[in-house]
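K.L.:
Pasting a structure below so you can have a look.
The values are calculated or read from the model by the stated rules, or taken from the named source; none is laboratory data. Nothing here was measured: the structure is a model prediction, and the numbers come from that model. All Cβ positions, even for glycine, are placed from backbone atoms using ideal geometry, and neighbour counts span all protein chains on display.
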Amino acid sequence: MSNSKRMPDRFWRALTQHQTLLGRPKQTITHAEGCYLTDNKGNAILDGISGLWCVNVGYGRQELAEVAYEQMKQLSYLAPMMASDPTVEFAEKIRQLLELDTHVYFSCSGSEANETAFKIARQYHLQSGESGGQRRYKIISRYRAYHGATMGAMAATGQAERKLGYDPEPTGFVKVMPPYPYRDHPKLTLQEQGEEAVRQLEEAIIHEGRETVAAVIMEPLISGGGVIIPPDNYLPRVREVCDRHGVLLIFDEVVSGFGRTGKMFGHDHWRTKADIFTFAKGLASGYQPIAATAVKQEIFETFYGEPDELNHLRTINTFGGHPVATAVGLRNLQILEEENLVENARRQGEYLRAQLTERLGDHPYVGEIRGKGLLNAVELVNDRETREPLADAKVAAITAHSLQQSGVLIGRNSNTVPGRCNVLVTAPPLIATEEEIDRLADAMTNALQNSLNNR
């Protein structure tokens, strides 16, 4: 008998109001397989959000555990100034999938990957000879986007509720509005919405002083901020603006990378490349904590120089490029390809959106159903005409009903924009079958119908 049954729970959970847990029976997850979690009472739960949007190849992959075991026996750790075979091979695999000549820096989380990207962008401009004697340091990001929880990544994040109480933020971070088709001006076409958002971005660069702007960071499609899909002309035009002003473009692919959107990378939907890419989550499907910052070769080469010139990247992560994590990550990406999981994500995602549209398209609380691949959202409104967001308590009740009555875990854009945490999010593992998609759609339908009955 484990002592944990008698001990008080001292675990501080993320994004959780612990007062709501007082007096409630203790629930832990004991094991998982495929798309399902099992709790300490034996209840099976369909994980409709892949842990935290990361368990792309599903739970319980014994071969990944065996890869970790064998690598631990052979080389359990290596200082990040040195190279191991799996780390070198993993960097090469990422380069191949990107179809771009890159070097890859490894860290442990998406936050760290973005922090590294900011450092690289600033140092690049300092020593590239293209800054005109000015120090380019500003990072432009977008409202509603999430880029991490460390101080720099949080400063780039455009979600006010994630920042309350943590002021002051680091300086040098500027926000612009993203295109948001559901909430942009109704008289604008999709293409006009994309053009307007790009125009605002360029105006921000000009008004900040282009000689002070180091980089623009954006998710190809906003994930945690509500799964917001840009118009098709948006990313290519952003690329043009960055090129015109000598500003680096960073794509945060922490969520959208490695099959989640029905293509290997989110940016593949718009055939647009960045200068720097950041990855985590699906990089190793959550089996190991690992992240990566991939940089174009021409940027990497500006870090060449004599040792005493300090041109090299002067940052380090103790566990960056960990041989166990990179060995597991490499096998994880091979599984994605061998089992054609990117295509399965595309196909099952289309099926899910069709099911949700058929069942919920006319529901009075449903404003819009959107997504790509197995990254999907239902935006909930109190009034379909005014598009007033549904109250937070009602959204929370819907997710709770799905879990408690249907045994299906769905997410929402919690702690983002005050008064606008009204988007349900689904992101099941990429191995999901049509049967599991049906169960997910059933749970959402039942939860929304229950909310309507109880309003």
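K.L.:
Which of the residues spanning the stretch 184-196 are surrounded by fewer than 17 Cβ atoms within 10 Å (Cβ to Cβ) and either under 22 Å from the mean Cα position of the chain (by Cα) or β-branched (Val, Ile, Thr) (or both)?
P.N.:
Residue satisfying the conditions is Thr189 alone.
K.L.:
Additional query: Take Pro428 and tell me if it is in a loop (DSSP other than H, G, I, E, B), surrounded by 16 or more Cβ atoms within 10 Å (Cβ to Cβ) and touching a residue at least 12 places away in the same chain (Cβ under 8 Å).
P.N.:
Yes.
K.L.:
I've got another one for you. Any residue at all in the stretch 152-163 that is in a loop (DSSP other than H, G, I, E, B) and in contact with a helix residue (DSSP H, G or I) (Cβ under 7 Å, 6 or more places away or on another chain)?
P.N.:
Checked against the condition, which is being in a loop (DSSP other than H, G, I, E, B) and in contact with a helix residue (DSSP H, G or I) (Cβ under 7 Å, 6 or more places away or on another chain), the stretch 152-163 yields at least one hit.
K.L.:
So Gly23 passes all but one of these: (1) touching a residue at least 12 places away in the same chain (Cβ under 8 Å); (2) surrounded by fewer than 14 Cβ atoms within 10 Å (Cβ to Cβ); (3) part of a loop (DSSP other than H, G, I, E, B). Which condition number does it fail?
P.N.:
In the conditions (1) touching a residue at least 12 places away in the same chain (Cβ under 8 Å); (2) surrounded by fewer than 14 Cβ atoms within 10 Å (Cβ to Cβ); (3) part of a loop (DSSP other than H, G, I, E, B), Gly23 misses (1) alone.
K.L.:
Can you name the residue in the stretch 295-340 that is touching a Pro at 6+ places or on another chain (Cβ under 9 Å), part of a loop (DSSP other than H, G, I, E, B) and among the hydrophobic types (A, V, I, L, M, F, W, C) and is also nearest to Met72 (Cα to Cα) among such residues?
P.N.:
It comes out as Phe319.
K.L.:
Collect the residues in the stretch 314-361 that are acidic (Asp, Glu) and closer than 26 Å to Gln288 by Cα, keeping them in residue-number order.
P.N.:
Within the stretch 314-361, Glu337, Glu338, Glu339, Glu343 qualify.
K.L.:
Evaluate the following for Thr318: is it of a type in the set (S, T, N, Q) and either at pLDDT below 95 or buried (at least 24 other Cβ atoms within 10 Å of the Cβ) (or both)?
P.N.:
So Thr318 fails the test.
K.L.:
Regarding Arg370, is this residue in contact with a strand residue (DSSP E or B) (Cβ under 9 Å, 6 or more places away or on another chain) and of a type in the set (Lys, Arg)?
P.N.:
Considered against the rule, which asks whether it is in contact with a strand residue (DSSP E or B) (Cβ under 9 Å, 6 or more places away or on another chain) and of a type in the set (Lys, Arg), Arg370 comes out as yes.
K.L.:
Output the number of residues of the stretch 373-388 satisfying the condition of being out of contact with any strand residue (DSSP E or B) (no Cβ under 6 Å at 6 or more places or on another chain) and touching a residue at least 24 places away in the same chain (Cβ under 8 Å).
P.N.:
Counting residues in the stretch 373-388 that are out of contact with any strand residue (DSSP E or B) (no Cβ under 6 Å at 6 or more places or on another chain) and touching a residue at least 24 places away in the same chain (Cβ under 8 Å) gives 4.
K.L.:
So which residues in the stretch 59-69 are among the charged types (D, E, K, R) and in contact with a helix residue (DSSP H, G or I) (Cβ under 8 Å, 6 or more places away or on another chain)?
P.N.:
Result: Arg61, Glu63.
K.L.:
Just checking, which of Pro168, Pro186 is free of Cβ contacts under 8 Å to residues at least 60 places away in the same chain and farther than 23 Å from Glu203 by Cα?
P.N.:
Going through Pro168, Pro186 in turn, just one is free of Cβ contacts under 8 Å to residues at least 60 places away in the same chain and farther than 23 Å from Glu203 by Cα: Pro168.
K.L.:
Then there's this: Can you run down the residue pairs with Cβ atoms below 6 Å, 6 or more apart or on separate chains, where the first is in the stretch 37-60 and assigned by TED's automatic domain parsing to the domain that holds Asn344 and part of a helix (DSSP H, G or I) and the partner is at pLDDT 95 or above and small (Gly, Ala, Ser)?
P.N.:
Pairs found: Ser50/Ala427; Gly51/Gly286; Trp53/Ala427.
K.L.:
Can you tell me which condition Pro364 does not meet? The list is (1) out of contact with any Gly (no Cβ under 9 Å at 6 or more places or on another chain); (2) part of a loop (DSSP other than H, G, I, E, B); (3) closer than 22 Å to Leu15 by Cα, and all the others hold.
P.N.:
(3)
K.L.:
I need the strands (runs of 3 or more DSSP E) fully contained in the stretch 213-283, keeping only those with at least 2 residues that are free of Cβ contacts under 8 Å to residues at least 60 places away in the same chain, in the same structural domain as Met177 (by TED's automatic domain parsing) and within 19 Å of Pro178 (Cβ to Cβ).
P.N.:
248-252
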